[in-house]
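Here's the structure, in structure tokens; my notes come after.
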Amino acid sequence: MPHVMLPGGSREEIQVGSTLAQLAKHSLGKQAKAAVAAWMDGELRDLSCPIEGDCTIRFVTIAEPEGLDLFRHSSAHLMAEAVISLFPNAKPTIGPVVEEGFYYDFDHPPFTEEDLERIEKRMRQIVSEGRPMRRIELSRAEALEQFKDNPYKLEMIREMPEGETITAYIQGEGFTDLCRGPHVPDLACIRAFKLLKVAGAYWRGDSSKQMLQRIYGISFKNPKELKAYLAALEEAKQRDHRKLGRELDLFSFHEEGQGFPFWHDKGTIIYDELSAYIRQECRRRGYIECRTPMILSRDLWHRSGHWDHYADAMYFVDIDEKPYAIKPMNCPGGLLVYKTRLHSYRDLPIRQSELGLVHRNELSGVLHGLFRVRAFTQDDAHVFCTRQQLTDEVVKLIEFCIDVYRTFGFPDPEIKLSTKPEDHIGSDDVWELATQALHEGLQRLELDYKVDEGEGAFYGPKIDFDILDSLRRRWQCGTIQVDFSMPERFDLTYEASDGRPHRPVMLHRAILGSLERFIGILIEHTGGKLPLWISPEQARLIPISERHHSYASQVRAELETGGIRAAVDMRDETLGKRIRAAQLEKANYILVVGDKEVESHSVNVRTRDNKVHGAYPVPDLLAQLQEEIRTRKLSV
RNA sequence: GCCGAUGUAGCUCAGCUGGUAGAGCAGCUCAUUCGUAAUGAGCAGGUCAACGGUUCGAGUCCGUUCAUCGGCUCCA
């Protein structure tokens, strides 16, 4: 009889051919129901899988990532059955799990919202009937026969390597789908799900191939979690920066400039504060700043190599019948600045920053608020250093990034190091040196990071930073890239102690990435309640009645003199209404002034969290706000 | 760029099967001068995205264009 090793070191002896489900019942008792699959000697298996010999087993529940993925993958199959039963002509293609839920692509005319509801209803019916999932193994010939009516499945079967076991799952007694599995033992356990949207998607993501209809859904083990998820979606909708941007009068978009943001007064304040912050941080760290032209000769883009890789995304213009291009990146301009004089090794490292406005011709369909635009400002910088300085510079850059993210209340970022891709330039030893410097930089700071083998740029390895916002969404912002290409192409040199020219190492880096996009992220992260230092309206004065207008104006002037952005609401409206308006417009401090305040030269303070803090002498409040700004405090 | 949906007042939206546009909020005026999230009354505001077609008649039906929104790596 086989021996089974279970977690915690317990051993069981069981009958040959017993299934994992039987084992679960036996060893887990009541908890067996929570198991959706099991690791058998390190491989994920269906619970219906028989145990043939000694092995190590660990049961999987949907509390862990693999279990949840499998559960959602089964959900996709549940949806597929529902779709096929309602639309027998639809041809199922693939139905994988994605980061948030699952989808299934069908070859079928577009589905409507009503179709979605019908499908969901049918899914509920299927769940209530129950569908044991049965795994079957097929020979290639059987598989080709079984799926002969579905060209997509046939294509997949034909692509499978010779000799691989082809499997399919039968749901109950009917719907059968080609699938590697594993799956939950019975679809009946999928109790909470929602179909979220329909969209067109290409077969295999290739725009030259057939357009399919994709249905996205999400599933959970209980309705409570589903409800929480839908609430989070609703919250995200409320925080949509496009909505808040309009409501808070920050920016707008116009037909006259598709994908080009128009910054209003308040948005400009945010933009300027953000720029000033980055400038200040750069200067503190020994950066010099430059500013290079927006339009540069097309020859330059040929020389930089951008033409070959980037021409599709560039805008062009002719001047005096000579060809020019609008810059999609700042580096070539920055390199020309570097080359204006000879550099000694004593000058290095040179850290040259540029808040550079770049234009890129993104496909019209991918434009999205401030997140995806056609013109944006990068907080760019190029570091020129010697090979010996590389690791130190990398450490400084990583620290810089993390420091900036903390300032905005983003916890430690997720970090990814990408190494040499197949298609690359530069010698192996130089790649080795640079990659090692990136590893060492991260290790010296004792940071956790992931390695993406072969995902680096063709011109060098890189580190990317993903920040997580308050809704736990991930945003790629910072990047540190080593570049072996540009110094060669532009013949960059510095004079070393041996009196001869040497090639410097070049690093590109951005921390925020795009100021526009970062502002969008910040708006959604904070729900529009920006920290004091970057907030467009830091204080709003509300005089109780007309006779307090002049006092309110006087306090406003005092605050403005002290560097605070303040406004007075002198409208002939009730106090309550004006307070409500100030709250909705997200002024950080709402300062009510009436007879009492006039008399004591104070203001009555209310904050955005709906707290009334009572009277504060004006000089005290001013000092407090100044301190809050100076320290860039994360405010309520 | 491709697929689908949407486009009515500054904003959010109503307008059934074609008969000539309506509400709330915001704005303006007047009254009110108020102590912590919506005072009341009145006024004004629209080539119904644009263009073309069908019709006696189009916000409504058809076509084209434009813009916006949701998607278009996740490999059974």
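Of the listed requirements (1) open to solvent by 10 Å² or more (accessible area, probe 1.4 Å); (2) part of a strand (DSSP E or B), A:I62 misses just one: (2). Pairing residues of region A:383-402 that are touching a residue at least 60 places away in the same chain (Cβ under 8 Å) with residues that are open to solvent by less than 40 Å² (accessible area, probe 1.4 Å) and part of a helix (DSSP H, G or I), at Cβ distances under 6 Å and at least 6 apart in sequence or on separate chains, gives A:V383/A:E393; A:C385/A:E393; A:L390/A:A437; A:V394/A:A437; A:V394/A:L438; A:V394/A:G441; A:I398/A:G441. Filtering region A:182-194 for residues that are within 29 Å of A:E114 (Cβ to Cβ), away from RNA strand B (no atom under 12 Å from the Cβ), open to solvent by 80 Å² or more (accessible area, probe 1.4 Å) and not assigned by TED's automatic domain parsing to the domain that holds A:L20 leaves a non-empty set. Inspect region A:85-100 for any residue being closer than 30 Å to A:E43 by Cα, of a type in the set (D, E) and open to solvent by 90 Å² or more (accessible area, probe 1.4 Å) and give the result as yes or no. Yes, region A:85-100 has at least one match. Considered as a group, the residues in region A:165-181 that are more than 35 Å from the chain's Cα centre (by Cα) and open to solvent by 70 Å² or more (accessible area, probe 1.4 Å) include one that is nearest to RNA strand B (Cβ to nearest atom), and that residue is A:T165. Here A:S139 qualifies as over 18 Å from A:K221 (Cβ atoms) and of a type in the set (S, T, Y).
Identification of strands (runs of 3 or more DSSP E) wholly contained in region A:275-393 with 2 or more residues that are under 23 Å from A:Q476 (Cβ atoms) yields A:350-359, A:375-385. Within region A:146-164, being under 15 Å from A:F175 (Cα atoms), open to solvent by 40 Å² or more (accessible area, probe 1.4 Å) and assigned to a helix (DSSP H, G or I) holds for one residue alone: A:Q146. Candidates are the residues of region A:230-257 that are outside any helix (DSSP H, G or I), surrounded by 12 or more Cβ atoms within 10 Å (Cβ to Cβ) and within 10 Å of RNA strand B (Cβ to nearest atom); the one that is farthest from the chain's Cα centre (by Cα) is A:D249. Of the numbered criteria (1) within 37 Å of the chain's Cα centre (by Cα); (2) away from RNA strand B (no atom under 11 Å from the Cβ); (3) open to solvent by 50 Å² or more (accessible area, probe 1.4 Å), the one A:A566 fails is (3). Among the residues of region A:421-435, those identified as closer than 21 Å to A:D392 by Cα and surrounded by 14 or more Cβ atoms within 10 Å (Cβ to Cβ) are A:V430, A:W431, A:L433, A:A434, A:T435.
Does at least one position in region A:612-628 carry a residue that is in a loop (DSSP other than H, G, I, E, B) and within 15 Å of RNA strand B (Cβ to nearest atom)? No, region A:612-628 contains no residue that is in a loop (DSSP other than H, G, I, E, B) and within 15 Å of RNA strand B (Cβ to nearest atom). Residues of region A:578-593 that are more than 16 Å from A:H548 (Cβ to Cβ) and within 8 Å of RNA strand B (Cβ to nearest atom): A:R580, A:A581, A:Q583, A:L584. Out of the residues in region A:294-319 meeting the condition of being among the β-branched types (V, I, T) and under 16 Å from A:V358 (Cα atoms), tell me which one is surrounded by the most Cβ atoms within 10 Å (Cβ to Cβ). Ranking the candidates gives A:I295 first. Mind checking which residues of region A:209-229 are more than 10 Å from RNA strand B (Cβ to nearest atom) and among the polar types (S, T, N, Q)? Selection gives A:S219, A:N222.
The values are calculated or read from the model by the stated rules, or taken from the named source; none is laboratory data. Note that the structure is predicted; figures quoted are calculated from it, not measured. Ideal geometry is used to build each Cβ from the backbone, glycine not excepted, and the neighbour counts take in all protein chains shown. Accessible surface areas use protein heavy atoms only, side chains included; no ligands, DNA or RNA. Shrake-Rupley method; radii C 1.70, N 1.55, O 1.52, S 1.80 Å.
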